[in-house]
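Chemist: The following block contains the structure, expressed as structure tokens.
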Amino acid sequence: MDAKDQNFLKVIQGPEAEASGCSEKSTCGSSAGPADMDPEVWNKVKNHPCYSEEAHHFYARMHVAVAPACNIQCNYCNRKYDCSNESRPGVVSERLSPELAAKKVLAVASEIHQMTVVGIAGAGDSLANPDKTFKTFELISKVAPDIKLCLSTNGLALPEMVDRIADYNVDHVTVTINMVDPEVGERIYPWIYYNKKRWKGRDAAKILSERQLLGLERLTARKILVKVNSVMIPGVNDLHLKAVNREVKKRGAFLHNIMPLISEPEHGTYYGLTGQRGPTAEELKHLQDSCEGEMNMMRHCRQCRADAVGLLGEDRSAEFTNEKIEAIEITDVAYDMTAREAYRDKVEETREKERKIKEMLAGLGMENGLSQAPPILVAVATQGEGMVNQHFGHAREFQVYEVTAAEAKFIGHRRVDLYCEGGYGEDDSLTRITQALSDCVAVMVAKVGGCPKKTLEEAGIAAVDAYAFQSIKPSLLKYFGEYTEGVRSGRITPKAAGGQTKIRSGALTGTGQIPLSVIG
Amino acid sequence: MAYTIVLDNCTGCSACEPECPNAAISGTDDGLFQIDPDLCTECVGFFDEAQCTAVCPIDDTCIPDRACVEDRETLMAKKVKLHGG
């Protein structure tokens, strides 16, 4: 370790950095950061976990499922089934009235001070239920005026709703746009309900696409931030999504979130039942990378439920059931604005420190002629605080970074079953992990047992515990040097591209890890 | 013929309720929806197709009720009776 690195790690690991909580967990993904962002826009996104990758480590969101009806049918959605153990869009365990939703927001906000955003994302389409959706916004803005409101829509009813959206100060809208070509669209949408009529096939897709793009234009004209979600369906719209990216960028969308299709047969969707596969992790990353030059890409989406509560990546909705909310006396709920503001101030302090850390990281590892070496993917087991601090067997998900000599860039989460508690036998769950990480050359852990280490190595994934309890990013940069050196000396054989890395989607259910030492 | 909702299929999503021009659709105690056959005109006189069927996300759920067959003239008369000319 050279003097510069030594010095740097000392800064990172010093008491100051410890206090800073989830340090450089947040320098990844879509956070364009204040330097290259309009301050007005930054103000809107900085506390929104879905719009700012950085914010998602600090702030939580909740969805209130007040909108059960939908006006279109998508081939990846089956509205009939709801499983409480599933975590995916469109799924919801209980429906809420606007009144109960406002009460729930109050109860959650007083329990979880990091909760800054309330969204309406279903379980159907928010704008196919306009009265319920806007009544909910009205009630929430009365009881919790500091909370940001957002909604998610398929866009069919959007153009005429833009004024109302603006009236309720909703400044974030997500539109799901899977195509801009009806020929592609007819393979995704069997029908839509529009102007008192059911439309099918190409006509349906044409109307939907026109309405989506018109709605997008009207939103951006009103300076409402728009995130575009696209479901990547291999063989249907995967190549076409680049054209979608260009069209939405042209119309002023702020962020593009390309998500993998979820299509298990047991979900009973058309795609699930017809064997339409989802993309591999490599395919998803390749598409996201190829769109990145044109606009911000979201990489931290967990495809959460329409009634999710908590930080992205965890789901605490089971703690706030209708029965529990109904039992709460509203007078017992203390909406502690001071505590909420104190939390936000603390986060700002933490972020300031992180920015300094990020500046110090720049250029680290550029020595020794490493800058020409190809990038590698490395998985990290972490419980947060920006540290390699989780036992391999306790990890329920891994963070994956793309590492070059200059930069360790967060590119996504890989969810796995808990190896130590796998209900299918340990060998099976270990296989699932090697599949989920098969594009990575290494996994950094706090500790790993001999057996899994051997299995991982057989799968071409080095289990590295030499950086236990050190900061993730500097460790990755150092590891890059070691790895490249190993390849040059012939000690390490570079990995052939496999292209078959499986994606397991959805947020973890139950109380997940709280990665923040800034809490409390 | 009035329409009926197959309760085994209905998810209670409520999409049909506001679309019915006759306000014939109401909630059941179980959170699902039902059609009052005395008020259903199959949307005759209003729309080309039955709105509940057009908007329902589940196939074979809002369907013609074979126990309640009426011809188009009868349905039109029903519409006039309910709403006037």
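Chemist: Which value in nm describes the separation of the simple spin-label points at A:Ser489 and A:Cys451, placed 7 Å from the Cα toward the beta carbon?
Modeler: Computed distance between label sites A:Ser489 and A:Cys451 equals 3.2 nm.
Chemist: How large is the dipole of the stretch A:32-315 about the Cα centre if only Lys and Arg carry +1 and Asp and Glu carry -1, each at its Cβ, rounded to the nearest 20 debye?
Modeler: 760
Chemist: Residue by residue, what Karplus-based ³J(HN,Hα) values in Hz, rounded to whole numbers, does the stretch A:126-137 have, using 6.51, -1.76 and 1.60 with θ = phi - 60° and x for Gly and Pro?
Modeler: So the J values, rounded to whole Hz, are 4, 8, 7, 10, x, 5, 5, 5, 6, 4, 4, 4.
Chemist: Run the simple label-point estimate for B:Ser26 and A:Ala339 please: 7 Å along Cα→C-beta, distance reported in nm.
Modeler: My value for the distance between the label points is 4.5 nm.
Chemist: Could the peptides B:10-19, A:224-233 be put in order, highest first, of the mean number of other beta-carbon atoms found within 10 Å of their residues?
Modeler: Per-residue mean Cβ counts within 10 Å order the peptides as A:224-233, B:10-19.
Chemist: Measure off 7 Å from each Cα along the Cα-to-Cβ vector at B:Ala77 and A:Asn169, then give the distance between these two points in nanometres to one decimal.
Modeler: For B:Ala77 paired with A:Asn169, the spin-label model returns 5.8 nm.
Chemist: Still on this structure: If the limit is 29 Å between Cα atoms, which of A:Lys200/A:Lys285; A:Lys132/A:Lys227; A:Lys46/A:Lys495; A:Lys285/A:Lys495; A:Lys324/A:Lys353 go over it?
Modeler: A:Lys200/A:Lys285; A:Lys46/A:Lys495; A:Lys324/A:Lys353
Chemist: Where Lys and Arg each count +1 and Asp and Glu each count -1, what net charge lies around A:Glu485 among other residues with Cβ under 12 Å from its Cβ?
Modeler: Neighbour charge sum, excluding A:Glu485 itself: +2.
Chemist: From the phi of every residue in the stretch B:4-21, what ³J(HN,Hα) in whole Hz does the Karplus formula 6.51 cos²θ - 1.76 cosθ + 1.60 yield, where θ is phi - 60° and glycine or proline is x?
Modeler: Those phi angles translate into 9, 10, 6, 5, 5, 9, 4, 9, x, 6, 6, 4, 6, 3, x, 7, 6, x Hz.
Chemist: Can I ask one more? Rounding to the nearest 20 debye, state how big the charge dipole of the stretch A:367-489 is about its Cα centre with +1 on each Lys and Arg Cβ and -1 on each Asp and Glu Cβ.
Modeler: 160
Chemist: Across 5 Å bins from 0, what is the distribution of all Cα-Cα pair distances for the stretch B:3-75, in whole percents?
Modeler: Going out from 0 Å in 5 Å bins, the stretch B:3-75 shows 3, 18, 31, 28, 15, 5, 1 percent.
Chemist: Right, next: Mean separation of Cα pairs under 8 Å and 6+ residues apart, divided by the residue count of the stretch A:367-489: what relative contact order is that in percent?
Modeler: Relative contact order comes out at 29 percent.
Chemist: How large is ³J(HN,Hα) for each residue in the stretch A:389-398, as worked out from phi by the Karplus curve 6.51 cos²θ - 1.76 cosθ + 1.60 (θ = phi - 60°), to whole Hz, x for Gly and Pro?
Modeler: Here the 3J(HN,Hα) series is 9, 10, 5, 3, x, 9, 6, 9, 7, 10 Hz.
Chemist: Assuming R0 = 30 Å, what is the FRET efficiency of A:Glu482 and A:Glu458, from their Cβ-Cβ distance, to the nearest 0.05?
Modeler: Here the calculated transfer efficiency is 0.90.
Chemist: Ranked by Cβ crowding within 10 angstrom, fewest neighbours first, how are A:Thr133, A:Thr116 ordered?
Modeler: Fewest-to-most ranking of A:Thr133, A:Thr116: A:Thr116, A:Thr133.
Chemist: Project the alpha carbons of the stretch A:367-489 onto their principal axes and report the range along each, largest first, in whole Å.
Modeler: 47, 31, 23
Chemist: Report the local net charge at B:Cys40: Lys and Arg +1, Asp and Glu -1, summed over other residues whose C-beta lies under 15 Å from its C-beta.
Modeler: -4
Chemist: Can you work out the base-10 log of I(q)/I(0) for the stretch A:32-315 at q = 0.13, 0.16 1/Å, using the Debye formula on its C-alpha atoms alone?
Modeler: Taking Cα atoms of the stretch A:32-315 as identical point scatterers yields -0.85, -1.37.
Readers should treat all values here as calculations from the given coordinates under stated rules, not as data from a laboratory. Just so it is clear, the structure is predicted and the values come from calculations on it, not from any experiment. Glycine also receives a Cβ, built like all others from the backbone with ideal geometry; neighbour counts cover every protein chain displayed.
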